[in-house]
């Protein structure tokens with residue numbers, strides 16, 4: 001299946017990091033997501049009940065990610081992917097996670113993963 005819903009530049013705050021100063025408060029992480037799902041069925045029936053409700057998905061994503069406490073961005077990415085696949089009508093997820101405050105200046109640091117059921 002090549003159909004997906006995309007969500008770009010979703011900013012969420014979570015506890016992430018190894019260094020002592022990173023453990024003091026939640027930090028922003030930015031997510032770019034591709035949620036591979038059946039687009040054909042909801043589209044052909046014009047039926048919202050068959051679709052991924054991205055407004056609700058984003059609300060749930062905020063709640064879930066903000067509840068986490070990880071040292072590594074790799075761990076955070078894996079947990080997010082597993083949560084998405086286990087809780088939504090998604091058969092594959094492509095996830096880019098950026099930790100904008102990881103390195104001073106304009107440098108972006110992050111990970112990219114793809115996971116499927």
Largest to smallest principal axis extent of the C-alpha atoms in the chain, angstrom: 52, 23, 23
Cα-based shape type of region 2-55, given that a ≥ b ≥ c are square roots of the gyration tensor eigenvalues and the cut on a/c is 1.5: prolate
Length-normalised contact order for the chain - Cα pairs under 8 Å, 6+ apart - percent: 28 percent
Taking 54, 112 and counting other C-beta atoms within 10 Å, the order from fewest to most: 112, 54
Using alpha-carbon coordinates, inclination of helix 54-67 to the longest axis of the chain, degrees: 30 degrees
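Rule-based calculations on the coordinates, nothing more; no lab input. On a predicted model such as this, the values are computed, not experimentally measured, just so you know. Glycine gets a Cβ as well: all are built from the backbone with ideal geometry, and neighbour counts include every protein chain shown.
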